[in-house]
Structures are given as C-alpha cells and as structure tokens.
Amino acid sequence: MKTFEELGVATNIRKAIEEMGYENPMPVQEEVIPYLLGETSDIIALAQTGTGKTAAFGLPVLQQINVKENVPQALILCPTRELCLQIAGDLADYSKYIDHLRVLPVYGGSSIESQIKSLKRGVQIIVATPGRLIDLINRKTVDLTNVRYVVLDEADEMLNMGFTESIDEILSKVPAERKMLLFSATMPKEIAKITKKYMQNPKEITIGRKNEGSNNVKHVYYMVHAKDKYLALKRIADYYPNIYGIVFCRTRRETQEIADKLIQDGYNADSLHGDLSQAQRDYVMQKFRIHNIQLLVATDVAARGLDVDSLTHVINYGLPDDIESYTHRSGRTGRAGKTGTSIAIVHVKEKSKIREIEKIINKKFEQGVIPSGEAICEKQLFNLVDRIEKVKVNEDEISNILPSVYRKLDWLEKEDIIKRVVALEFNRLIDYYREAQEIESPSDRYTREESFPRRRDRERSDRSSGGSRGAERGYSRLFINIGRTDNVNPATLMGLVNDFVPEKVNIGRIDILQNFSFFEVPEKDAQKVISSMSRQEQNGRRISVEVAQGGSGGGDRSGRDRGGFSSQRSDRDRGPRKSSDYKSSSSRSSKPSDKSGHRKGESGRRPKFS
Ligand code: AMP
C-alpha cells in the first residue's frame, strides 16, 4: 500500500487530512489520485458510497486549482443537496491549508441570491445539484468556460432522478478539453451512453467487483403475503432490539404511512421523504445521526447524502422497481469495516426479482423465517439481561434511595430477585405474543393446499360459494375457469395476470383447485383484470374471469381461515408496550402535524420492551 505522499498529494493537503485522521489512502484513492494528478484521460470509477471517493477526486482536484485565478476551474455535480453540502464541506476541510481557495455549494431549496453573490465574489470550485446550476446558467450568473475538471458523483442516482437533460445542457457549456470523472455505484446502460458521449478513452476503475455489494453485508429475504408486510416489519424490528436502520419504501406516501404506524405502535421511528420541508429533513437526519431515532423510514432519494456508517440493518419494505437501487440501499450497511444485514420483505411475486438481484450482486440471499413470538420474547429478554449487566450505575445519585430498597427486598434471595426482574418483562411479552398469531408464509400455504381433498363435489360447492371465503378487506375475489387440470399453479396464474393485464396489479390470496381457481386483487383493479383477462387463451382454452360469489372484500372477516387479520387483530398486534409507553405514545400523537402529516418535535426515545 502506498502513502498519500507516494501518491503525489501535496504537503499542505496532507497536513489537513492527517488532522482528519486519514492515515493511509483507501483503495479508490490509491487508484484515482495518481491518475488524476498525472494522466490526461477521463476516469469512470465504479465505487459504492462510503469507499472514500470524495477524497479520491477531491484531493487531486484541489491540488490542481490555480488560486490566483478567481474563476470556476472545477465543477462537481451530485444528485442531492445533502450530498452537495457534504462534498463541499469535505473539500473545505481538505483545503484548510490552501490559502485563497474557495469552494461554493449551489443547490436548490436555499436562496439563489446569496449563491449569486458568492459567485460574483469569485470561486474556483463549484459543487452543484444539476437543477440549481441550470437556473444559474440561465441567469447568466455562472461562467463555466474555464472549467478544467468535471466530476459526476453518484451518476446513476442523478440519472434515476431524471437529470439526464440537465447534465447534457451543463456539459455543453463546459470546454471540450476538460478532464472528466464519473463515479457510480452501478453501471446501468444509461451511464454507458453518457460515458460514450462525453468521455475520451476513459480509464475504468472498479473498486470491488463490478456491481457487487459490500462483502460485509448479509442479504436476507422474508416472503410474506402483501397484507402481512407491516407485521413482518415489526417482528423483525422486535427481534433486533438494538436495530439502527433505514426502512426503504417506494413512495413518499407509503414512507409517511409506515413511519406513522410505527410511531403509533411505539417504535422509535420517523420519516424522511421529499414532501417534507428542507428544515424538517435536516431535523430528522440529525436525530437519526445522533441515534435519537432507531428506524428511519425513507425514500431512496431522500436518504441520499445521509452519511451514517454504523447502520446495523437496511430494510427493503418491498423491493425497489429499479434493481440497481437495491445495490445503493444495501451498500448503506456493512460500512467502515462493520457487518450489516440487508433485509427484503417481499411477496411471492417479487421472488424472481430476488434472483435477478442475486445475479447482479453476485451473492445469494438467505431465506429468513419471520421470528416467532417465542423467539422474540427470548431475544428481548436476553437483551434486558445484557442491559442489566452493562448498565452504568450512577453511584452518587442512587446512593440515597438504595438503603430503603435493600430493606424492602431484604427477605428475597438473589435468585428470587433476578427471577422477579426478568418476570416483570417476560409476563408482558408472553401475554402479548400468546395472543398474536404467527405470520403465515405463502409457501407454507401452497404446500398445505396441495394436500386438500380434490373431490369434484367439494369443488362445485366451493365454486358457488367463492371457495367459502370472503376476500381480504379492500380486495375482490375472482373466479377463473382454469385449475390444476390446466397445469396452473400460483406462479403460472400470477404470470398470466402479469401477461394479460397491462398495468401492475397486486395479487393477494390464490386458491388453485382441480378445474378452476380463485385469486384476489385490489377492488379498484378487479374490473380491469376481468376485462383484460377474459377471452384470452391459455393452452388453447379460452379464459373466463368473473367476481366469485361472495367475493368482495371489506367484509366481516374473522381472519381465522387464512391467518388474516381483522382490524381488531391488527390492533392487538401493535406490539407489546408498557403502560408508560402508551402514555408517551399518545402524548406524541397529540403533537401538531404539518400538512404532510409529519410530526414535529418527535424526540421521545423508543419505548423499548424493557
Ligand atoms: P466517502 O465515500 O467519500 O463519503 O467517504 C466515506 C468516509 O470515509 C468519510 O467519513 C471519509 O471522511 C472517510 N475517509 C475517506 N478517506 C479516508 C482515509 N484515507 N482514511 C480514513 N477515512 C477516510
């Protein structure tokens, strides 16, 4: 391994980074720094976040700035305001001992006038989000004609966010002979297009294997019915009492909903998404950084730029539409030499996506089993015992009360006291989990159904009664005239729905019988599914789909026959809490919410099990 000095980093920069505790270069720095200091060709670096890439491009760019010229010489583009500020801050730290060097972050959501003022005073490095930079270019307040270095950081994310056109426009304003660096965690086709269009004989540097996630990350998926996803999330959170993680959701609305439910159910959670104001996002991120929040429910975009190295878990509340995003998400754990777990809570339809991701990350997922109530109780109890062992006793503060406590418990043996402390916790947990039903795994159900009696008369009565079942709340139960005789199984049935219905439709319960089947879809999609599938053919047989008798959801379902949950049941499954927890939670709920429903002033610690 080379030293920063051997890589050619100047003394004044070395002095600054040594003060920051950088002793040796990280692999991406070892590759990029000498190249950027010496060669003239462009660079494409495939590197995950957290690999040290800011210093990899930052140190050599800083070193080659001519401080006597007060014009922009380097332009760094990145997807979000947070990342923009982080990069600008890092560059300011690295250049602590370079006199007259000025770095300016320009990003949306803050005063453009003050950014224009700073530009007028003169800067040498601009770190920008594409949208705001275009705004400044249009106002003719920024001159890019002297730019010699262009860095596209987290290029894949910028493309995901729809910045392709803005990047095109910006690059057209920069001299053709500039040196260009592109950093990306993944290499989708769109990036290849950019590199072809704008880069000259780029040198490709891969830190780790291409598209491979960190080796310190374990990937686990839990397969559940769509309706059980939230319950599964809670069980997972309960099973890891010291969890510190991000729960990724697909949409802003889902993010807010899940965060709200978790908060109501007594978890130490909050939300981060684009509907929140900048001040709210900053506030939530800060709380998360200082571990005041254990579970941050976030969209992919909003979580960008949140530099936290110590996440124990990343939870995919459903898989992202874009598989590349999975790499980004999972790369947020297992950093800085620590191990982490990337969990995906998926439903049957997403199984093929798991296989695709495995190919991309070149690693196998483990299939997790949703922890049973018993396992959670055990885990929580050991956590309590561990905390008893490690608690810091404040001798001075407690010394006044202890004598009377000793006197009161004098008649008990040490073993009795331990038993009672543990029972305090155990009784409550066991009471709660005795009531809670186990979450049914979809594969269990299919296996069970295969052993159902296949008698024709039973099927007939099943058909007329919609299979004796009402649909899940909000779902319609549909009848389809093909079954096992037609070689249909749950997977082929889902495939048919995918093939014939133009838009994506969630599928709930599926019952395959000998000559026909039932399946459930959201009520709002039922007509669309019926009209799209009817009169299509499967193996030469014309398909007919109709609403099963008694098949509309929203009804009074006991949930008994299918492990489903009535609203009463889901109330019970909220999670065990102490009476004090209920108090803290309800007082929190009464705090004012802003328009987006985001609660302000959430500072309560997670009401833990103990
Ligand atoms: P980045 O990928 O640029 O966000 O960097 C990830 C983290 O690694 C940041 O906290 C950096 O301050 C830190 N870092 C970068 N380079 C080094 C180094 N050579 N030695 C120690 N820490 C570093």
Could you compute the net charge surrounding Glu537? Neighbours are other residues with a C-beta less than 13 Å from the C-beta of Glu537; K and R count +1, D and E count -1. +1
15 Å Cα-Cα reach of Lys96 towards aspartates and glutamates, excluding residues that sit fewer than 8 places from it in its own chain: Glu18, Glu19
Order of 407-414, 285-292, 390-397 by packing, highest average Cβ count within 10 Å first? 285-292, 407-414, 390-397
With x for Gly and Pro, the residue-by-residue ³J(HN,Hα) of the stretch 10-26, computed from phi through the Karplus equation 6.51 cos²θ - 1.76 cosθ + 1.60 at θ = phi - 60° and given in whole Hz, is 5, 4, 5, 6, 4, 4, 5, 6, 5, 5, 7, x, 7, 8, 10, x, 7
List Asp93, Asp511 from most exposed to least, where exposure is judged by having the fewest other Cβ atoms within 10 Å. Asp93, Asp511
Amide N of the stretch 468-512 lying under 18 Å from the label point, which is placed 7 angstrom from the Cα of Thr251 along Cα→Cβ: 474-476, 502-508
Linear extension gain, Arg387 paired with Asp499, 0.36 nm per residue minus alpha-carbon span: 35.0 nm
What's the center-to-center distance, using Cα atoms, between the stretch 22-46 and the stretch 490-537 in Å? 53 Å
Quick check on the exposure proxy: order Glu257, Glu389 from fewest to most C-beta atoms within 10 angstrom. Glu389, Glu257
Step through the residues of the stretch 513-518 one at a time and calculate ³J(HN,Hα) from phi using the Karplus curve (6.51 cos²θ - 1.76 cosθ + 1.60, θ = phi - 60°), rounding each to whole Hz and writing x for Gly and Pro. 10, 4, 10, 7, 8, 10
For Lys173, which aspartates and glutamates qualify as cross-link partners when the Cα separation must be under 19 Å and same-chain residues fewer than eight apart are set aside? Asp42, Asp135, Asp143, Asp153, Glu165
Using the 10 angstrom Cβ neighbour count as an exposure proxy, how do Cys78, Cys249 rank, fewest first? Cys249, Cys78
Using 26 Å as the Cα-Cα cut-off, could you pick out the over-long pairs in Lys261/Lys287; Lys349/Lys524; Lys53/Lys120; Lys353/Lys379; Lys234/Lys364? Lys53/Lys120; Lys353/Lys379
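Here, each number is a calculation from the coordinates, and none is a lab measurement. Here the structure is a predicted model, which is why all the values come from computation and not from measurement. Cβ: placed from backbone, ideal geometry, glycine included. Neighbour counts: every protein chain shown.
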